[in-house]
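Accompanying notes for the structure given below.
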Amino acid sequence: MLPQVKVGVGCFVVRRVAGATQFLLGERHGGLSPGLWGLPGGHLEFGEQWSDCAQRETHEECGVNIADWRHVATTNDIFENSHYVTVFMKAEFDAERMRVKLAEPHKCK
């Protein structure tokens, strides 16, 4: 059996405060790059649209519902033992209407 290409979705959750652009990041506990900062995101499920994956992952990880996602970049990363295609999505975050919560503390802090 041939190795499988995995598809991930990384989510740029952006807010603007006093002219500055801020991104939502979390410090990873396990999985890829433990101890490093990363975007919310995860694996694309079979039959799932990129925007639906971004919405699902930010809700699962951060407790927020953001529906207006747009594609900003895609990478094709081939490593010695794995191959990932990562689709990056971006959405604006309204901090006055939404509150972020740590919904998966076993994965991120």
(Q) If a residue must be surrounded by 15 or more Cβ atoms within 10 Å (Cβ to Cβ), touching a helix residue (DSSP H, G or I) at 6+ places or on another chain (Cβ under 9 Å) and either more than 22 Å from PHE93 (Cβ to Cβ) or not small (Gly, Ala, Ser) (or both), how many such residues does segment 13-47 contain? (A) 4
Q: Scan segment 1-21 and report the pairs whose first residue is over 24 Å from THR58 (Cβ atoms) and whose second residue is open to solvent by less than 90 Å² (accessible area, probe 1.4 Å) and part of a loop (DSSP other than H, G, I, E, B), with Cβ atoms within less than 9 Å and a gap of 6+ or a chain change.
A: PRO3/SER82
Q: Take segment 44-75 and flag every residue that is within 19 Å of VAL5 (Cβ to Cβ), in contact with an Asp or Glu (Cβ under 9 Å, 6 or more places away or on another chain) and not in a loop (DSSP other than H, G, I, E, B).
A: CYS53
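The values are calculated or read from the model by the stated rules, or taken from the named source; none is laboratory data. Predicted, not measured: the structure shown is a model, and the values here were computed from it. Don't worry about glycine lacking a Cβ; one is built from the backbone with ideal geometry, like all the others, and counts go over all protein chains shown. These area figures cover heavy atoms from the full protein model, side chains too; ligands, DNA and RNA do not enter into them. Shrake-Rupley method; radii C 1.70, N 1.55, O 1.52, S 1.80 Å.
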